[in-house]
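What follows is a set of notes on a single structure, which appears directly below.
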Amino acid sequence: MASKATGRWLVLAVPYLWLLALFLVPFLIVFKISLSQDAIAQPPYLPTFDLSEGWAAFKEAFAELSFENYGYVLSWDNEFIEAYGSSLWIAGISTILLLMVGYPIAYGMARAPKSIRPTLLMLVILPFWTSFLIRVYAWIGILSPEGLLNQLLFALGIIGRDTPLQILNTDTAVYIGIVYSYLPFMILPLYAALEKMDETLLEAAADLGCPPLAAFWKITWPLSLPGVFAGCLLCFIPAVGEFVIPDLLGGSDTLMIGKVLWTEFSVNRSWTVSSAVAVLLLLVLVIPIVFYQNLQAREVERR
């Protein structure tokens, strides 16, 4: 019995140790930097902990920490609040677009013959075999004024050479890039939820005279909600902090917190403000995760 208890404890300890080493410790370091002050030094913040001075050094350093950087980030006279709002807006719209595009694809995959489902699944995963950066760069060649899209529209006589579509360096290009890049993250959980659904429920609904559209909303959609929530979280959370796509496809007016964070860290060399922005971003993203976990817990209780 003792060996079984020890084995269970070890199984539970592994993920907690993983989270401690790769999440909690880095988070505490970033949180400590966010409470520090900027300095012209290396590292560019004060105070720092000198382990050779013992516990007295820790007490002295902790006395100098403050929440001044958080007050600065949350003040209304800078771009941080606007960047948070813009990031949430762009990520929210992109998630809705991803759901609108991904749900029909996942539904078609789940209703396809079982013999071709593995092939369809592989086609969805196939873009992951190419570098993310290369895939985003490819959209520059497609959406630029001299790109493939404008060349195609010109060849079809839809536009003239003097009036190309201005899609690159706009929010529209950012939406296209996010939807293209994160589409597999939406399709896979939706497919997992739809594929295991009992099709006899739809047959029973049809026998009782329920129209196909009504059967979808009353049976298929409610049963697929776990996949919908999972897919939306998998897309929304990384999209809020996205940096590469808005930097390459968005214009100067495209304001997202990932770009602001990069500017503060690498250009302004303000590690303290950057850390405060990162901590607040993490807190913002924790809210939908907690909401989803509460929904999952209620669903388990109902069963």
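Read-outs throughout are calculated quantities, based only on the coordinates presented, and are distinct from any laboratory measurement. Just so it is clear, the model here is predicted, and its values are computed rather than measured. No Cβ is skipped: glycine too gets one built from the backbone with ideal geometry, and neighbour counts run over all protein chains shown.
Brief remarks follow.
- Spacing of the modelled spin labels on T263 and I125, each 7 Å from Cα toward Cβ, amounts to 4.0 nm.
- Remark: the W217-V244 segment gains 6.0 nm on full extension, using 0.36 nm per residue and subtracting the alpha carbon distance.
- Residues of type aspartates and glutamates that K218 reaches as a straight line, Cα spacing below 16 Å, ignoring anything fewer than 8 places off in the same chain: D198, E199, E203, D207
- Reach of K32 by Cα under 19 Å, taken over lysines that are not fewer than 8 positions away in the same chain: K59
- Segment 57-107 and segment 276-303 have Cα centres separated by 15 Å.
- Spin-label pair L22/Y292, simplified geometry with 7 Å Cα→Cβ offset, distance in nm: 1.8 nm
- Adding -39500 (n - 2.57) for every DSSP H run of four residues or longer, then dividing by how many residues the chain holds, sets the calculated 222 nm ellipticity at -21500 deg cm²/dmol.
- With all pairs of separate Cα atoms included, segment 79-302 yields a Kirkwood hydrodynamic radius of 19.9 Å.
- For the peptides 12-25, 84-97, the ranking by mean Cβ contacts within 10 Å, running from highest to lowest, is 84-97, 12-25.
- Distance from the alpha carbon centroid of segment 150-210 to that of segment 234-273 works out to 25 angstrom.
- Inter-label distance, nm, simple model (7 Å from Cα along the C-beta direction), L152/M197: 3.0 nm
- Ordering 231-237, 72-78, 113-119 by mean Cβ neighbour count within 10 Å, with the highest value first, yields 231-237, 72-78, 113-119.
- Each Lys and Arg Cβ is given +1 and each Asp and Glu Cβ -1; about its Cα centre, the chain then shows a dipole of about 1220 debye.
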